[in-house]
Amino acid sequence: MSASRTSKSGIFDGRLNLEQQRKRAKELLKSARAQQGDAQTRISTHLPGKSIDDLQLADSQLVIARENGFASWPKLKSHIDRITEHQRQIASGHLPKLDTAQTLHLRCGSDISHCLKLAGFAGAFMEFSDPFCQGPVPDLPLPDFIETRARFIASSYRIDFPDAFSRLQREYAGLATLGDYDHVVLWFEHDSYDQLILVFLLDFIANLRPQTRLDLICVDRVPGVERFIGLGQLSPELLIWCWENARAPVSDAMLECGQTVWPAIRASKPDALRAIIDNGQSPIPCMIAALDRHLRELPDPGNGLGLTQELTLQILADFGPLPAGKVFGHLMLSYEPLPFLGDLMFREILADMKQTSSPLFDFADNQPHTPWPEQILSLTETGHEILSGSRNFMELYTGERWVGGIRITGAAVG
């Protein structure tokens, strides 16, 4: 699926360098002793009550370790040593034995497929990437559900319907083969793209009941990665780290979670999903935050915007006219609290926001042959008014969009 996950080039891959971290610690110590404000703030954040006059290199090393997500400098060093050893093994071709040929790695995209091979994983790879975070997710029998999803994907991501339908049929049919493997590992991260697919799979597996060993890797952070977006940004060595440190058996409670959450996602009203979120308990640690973020795509009572729509307008208000691709970059790297969109998914959001009786933004470069990431977006007066809450987008909206099983239309559509 062209809207599924791809590798995230330009984002830190997690490979820390020990000498670089030592240099950072020395620079922090020097800056703190020179009474530079940022350095002093970092020291007080991680070492409250520590006097700058008494600060030693070991103290600044501890701050660096904690900023990287480690409890101590020795733990940071041990992690780097381990990752460096994995890197040496990969480079030399002497790969560690991690899995077997009877292992299946199941992921909601192809972004880690190549790196798994580089890391030495011997098992098969399966992609299931129906992006339930966009488009209708209605409560229909599976054949009708697949066709509904394929029509949305074809229309929204500019794919021929037969191609979209054929691929979805293959992906759904592939799930019936899980029991053919000795070991199935689900690789997921913390955002709503992943978590909605994960609950579908858990519901499916609970009904299929394959007699196989099931593990889940589900991460919302990786030590040393300040801005963790997803597994696709990680180097092969860090995928081995996930395998060794974040893998856990799929429990009955996880399967039951899927059977509870998936129907709530497909419901035509948000009540059941809100109740799950308000309860705040899940055997999958990342789940509640992802479900909450999912529902924040519903129209805000004040301005009528879903959160992605609101953040898009806010970026334009903060920076002025920008290419659409730059807006997406700011959204993913700074504004979005739980990044989940691919670039084509963001293009669909922009196209949907244009379905209004009064535009929220103008395409300043309106040449039909200009690639969409290069088209300049400029906030209109209507966009400013809606962003401020003085007008409500749903009064102007003429389109249709979905949040799971919830259909959203403007006042004129009904």
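The values are calculated or read from the model by the stated rules, or taken from the named source; none is laboratory data. None of these values were measured; they are calculated from a predicted model. Cβ placement follows ideal geometry from the backbone for every residue including glycine, while neighbour counts extend to all protein chains displayed. For accessibility, only protein heavy atoms count, side chains too; no ligands or nucleic acids. Shrake-Rupley method; radii C 1.70, N 1.55, O 1.52, S 1.80 Å.
For the chain, modelled as a GNM whose springs connect Cα atoms under 10 angstrom apart, the maximal fluctuation among Lys26, Lys50, Lys326 occurs at Lys50. Counting Cα-Cα pairs of region 65-202 in 10 Å increments starting at 0 gives whole-percent bin shares of 10, 30, 29, 18, 11, 1. Loop-located trypsin sites (Lys or Arg not before Pro) in region 215-261 (DSSP state other than H, G, I, E, B) with a sparse environment of at most 14 neighbouring Cβ atoms within 10 Å: Arg221, Arg227.
Counting only protein heavy atoms and a 1.4 Å probe, tell me what percentage of the chain's accessible area is made up of carbon and sulfur.
C and S fraction of accessible area: 49 percent.
Annotation: per residue accessible area for region 316-414 equals 46 Å², rounded to a whole number [probe 1.4 Å, protein chains only]. Only Cα pairs within less than 10 Å get springs; with that Gaussian network setup on the chain, which residue of Ile146, Ile112, Ile265 has the largest fluctuation? Fluctuation is largest for Ile146. Result for the chain in a Gaussian network model with C-alpha springs under 10 Å: among Ile197, Ile52, Ile276, the largest mean-square fluctuation is at Ile52.
Ligands, DNA and RNA aside, Arg391 has an accessible area near 90 Å² when probed at 1.4 Å. Think of a 1.4 Å ball rolled over the protein heavy atoms: region 190-314 then has 38 Å² of accessible area per residue. Once every Cα of region 29-104 carries one equal point scatterer and solvent is ignored, give the base-10 log of I(q)/I(0) from the Debye formula at q = 0.11, 0.20, 0.26 Å⁻¹, two decimals. Debye output, listed in q order: -0.45, -0.84, -1.13. Accessible area of Phe70 (1.4 Å probe, protein heavy atoms only, ligands and nucleic acids ignored): about 20 Å². Note that region 28-163 presents 49 Å² accessible area per residue, ligands and nucleic acids not counted, probe 1.4 Å.
Computed about its Cα centre, the charge dipole of the chain is approximately 1100 debye, with only Lys, Arg, Asp and Glu carrying charge at their Cβ.
With a ≥ b ≥ c the root eigenvalues of the C-alpha gyration tensor of region 134-236, is it rounded (a/c under 1.5), prolate (a/b larger than b/c) or oblate?
It comes out oblate by the Cα gyration axes.
Protein-only accessible surface at a 1.4 angstrom probe places the residues Thr382, Thr100 in the order Thr100, Thr382, largest first. The rule of thumb for compact globular proteins, 2.2 N^0.38 Å, goes into the C-alpha radius of gyration of region 171-307 1.12 times.
Global dimensions of region 1-151 from alpha-carbon coordinates: Rg and Dmax equal 23.0, 70 Å. Of all DSSP beta bridges confined to the chain, the antiparallel ones make up roughly 45%.
Got a sec? What order do Ile376, Ile284 fall in by accessible area at 1.4 Å, biggest, i.e. largest, first?
Heavy-atom accessible area, descending, gives Ile376, Ile284.
Among His79, His114, the sequence by solvent-accessible area, most first, with a 1.4 Å probe is His114, His79.
Normalised by 2.2 N^0.38 Å, where N is the number of residues, the C-alpha radius of gyration of region 231-278 stands at 1.66. Only lysines eight or more places from Lys23 in sequence, or on another chain, were considered; those with a Cα closer than 20 Å are Lys75, Lys77. Only protein heavy atoms count here; on that basis, with a 1.4 Å probe, Val219 has an accessible area of about 10 Å².
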